[in-house]
Amino acid sequence: MLSDFVIIGAGAVGLASALELARRGARVTVLDKGQSGGESTWAGGGILSPLLPWQYGEEVNALSEYSRALFPAWRLRLEALSGLEAEYRVSGMLVLPPFEQQPAFAWCARHAWRHELRNSGDVLANGSNEASLWLPEVAQVRNPRLAKVLRGAALAAGVRILESVQVTGLVSAAGRIARLSTQQGDFSAAGFVVAAGAWSSALPGLEAFAERIFPVRGQMLLFKLPPDSLRSIVLHNGAYLIPRTDGHVLAGSTLEYSGFDKSTTQAAKRDLLAFAARILPALSDLVLSRHWSGLRPGSPDNVPVIGPCLGYDNLFINSGHFRYGVTMAPGSAVLLADLIEGKKPAISAAPYTAGMATPKMRELAADA
């Protein structure tokens, strides 16, 4: 099958891009060096919001809010295609002090987020009695299940997914990418999309993006409690607890600039255990199920790179979403597809575009 597009990377962003392009009639092949959804998509927590959005720039919030509006219908469409469930639910988030009440309330009011002060003891059975910020509309999705939903939906939509395929080169001719070289042979297409997460700038020929996209390790703990031991997300000083419907609780996460080292550390385990037990005393070594790490595609100020790149007419990038690849996946896919098709996006693409290839693309990015 001759593809219209070959996408490098089968994580949430890569598969969302593939699904959107396929929905618009394209024939798409997705390549991944490992397993579909096996890196940061699998490893993350799945909170569908920047942790404290008032602490981020408009570039992050514009794309996050756009995706947040798309997410419920997008998720239902993918679940219908795949026959699987992503365990999406609106669990709400409790932000424990300290937090900046005035900026938080002002941001929530400006963006029509429901918010109120609430006693922490209403959510946590730990004897606490602190005035906390309650955000009842914050949703979550269970990352490993979303990864399966995305893969199943893509296959059902006719997307070809090839795993354990390592890209070794981008072969160009006359200002275009002619083909990808891999250890399993060459792949040709009309267009190519780089969505390889933390490894995007490590691809041969894309080293220029190293300052825009780089690996940031995050370590997580998973606990098992009876269902409903914790019903909402809890955030405190940048760390969080995320409850799942079956009683599992995630505690995360670290931010470590350790290159492509995915090992876990005892220091991180100790710190996350202490945090988890302080918030919910039932969380201890006795109920600890797993400790892992993942590599996020870090970027300056959490701003992803979306659009045509490096001056090639048919090479595009959708990467650098840092902590919010799952959160931003549906909006990023639509934004990229609009730019590829020459359509004016619903939100400005200017903050995310890199090396816009043509005057038309620059116009679309600037005027959206």
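Please treat every number below as a calculation from the coordinates, not as lab data. All of these numbers come straight from a predicted model, not from anything done at the bench. FYI the Cβ positions are ideal-geometry reconstructions off the backbone, even for glycines, and counts take in every protein chain you see.
Taking amide H positions as modeled 1.01 Å from N, with prolines and chain starts lacking one, the residues under 5 Å from Ile161 and 5 or more places away or on another chain are Val30. Ranked by the mean number of other Cβ atoms within 10 Å per residue, highest first, peptides 323-331, 296-304, 114-122 order as 323-331, 296-304, 114-122.
How would the stretch 150-214 be classified by its alpha-carbon gyration tensor: rounded, prolate or oblate, with rounded meaning a/c under 1.5 and the a/b versus b/c comparison settling the rest? Oblate.
Were the residues from Ser289 through Ala174 laid out at 0.36 nm apart, the gain over their Cα-Cα distance would be 36.0 nm.
The long axis of helix 101-110 is offset from the longest Cα principal axis of the chain by roughly 50 degrees. Note on the chain: with charges restricted to the Cβ of Lys and Arg (+1) and Asp and Glu (-1), its dipole about the Cα centre is near 600 debye. Taking Cα centre as origin and charging only the Cβ of basic (Lys, Arg, +1) and acidic (Asp, Glu, -1) residues, the dipole magnitude of the stretch 1-107 rounds to 320 debye.
May I ask for the distance between the Cα centers of the stretch 16-78 and the stretch 156-195, given as a whole number of Å? Centre-to-centre (Cα) distance: 21 Å. The phi torsions of the stretch 74-91, fed into the Karplus equation with coefficients 6.51, -1.76 and 1.60 and a -60° offset, translate into couplings of 4, 4, 5, 5, 5, 5, 5, 5, 8, x, 10, 10, 9, 6, 7, 7, 8, 9 Hz, rounded to whole numbers, with Gly and Pro shown as x. Where does helix 266-279 land angle-wise versus the long Cα axis of the chain, in degrees 0 to 90, nearest 10? The angle comes out at about 50 degrees. The string of couplings for the stretch 331-342 from the Karplus curve (6.51, -1.76, 1.60, θ = phi - 60°) is x, 5, 5, 5, 4, 4, 4, 4, 5, 4, 7, x Hz, one whole number per residue in order, with x for Gly and Pro.
For the peptides 259-268, 182-191, the ranking by packing is 182-191, 259-268, with the highest mean count of neighbouring Cβ atoms within 10 Å listed first.
Once the other residues with Cβ under 9 Å from the Cβ of Val165 are scored (Lys, Arg +1; Asp, Glu -1), what is the net sum? So the environment of Val165 carries a net charge of -1. Along its first, second and third principal axes, ordered by size, the chain spans 67, 41, 38 Å in Cα coordinates.
Using the charge dipole of the stretch 1-44 (Lys, Arg: +1 at Cβ; Asp, Glu: -1 at Cβ; taken about the Cα centre), state which of Ile8, Gln35, Ala18 has its Cα farthest towards the positive end. In the stretch 1-44, that residue is Ala18. When peptides 340-352, 27-39, 166-178 are ranked by their average number of other Cβ atoms within 10 Å per residue, the highest-first order is 27-39, 340-352, 166-178. Tilt of helix 143-156 relative to the longest C-alpha principal axis of the chain, in degrees (0 to 90, nearest 10)? Taking Cα atoms only, the helix is inclined about 30 degrees.
For the chain, averaging the sequence separation of C-alpha pairs within contact (under 8 Å, six or more residues apart) and dividing by the residue count gives a relative contact order of 22 percent.
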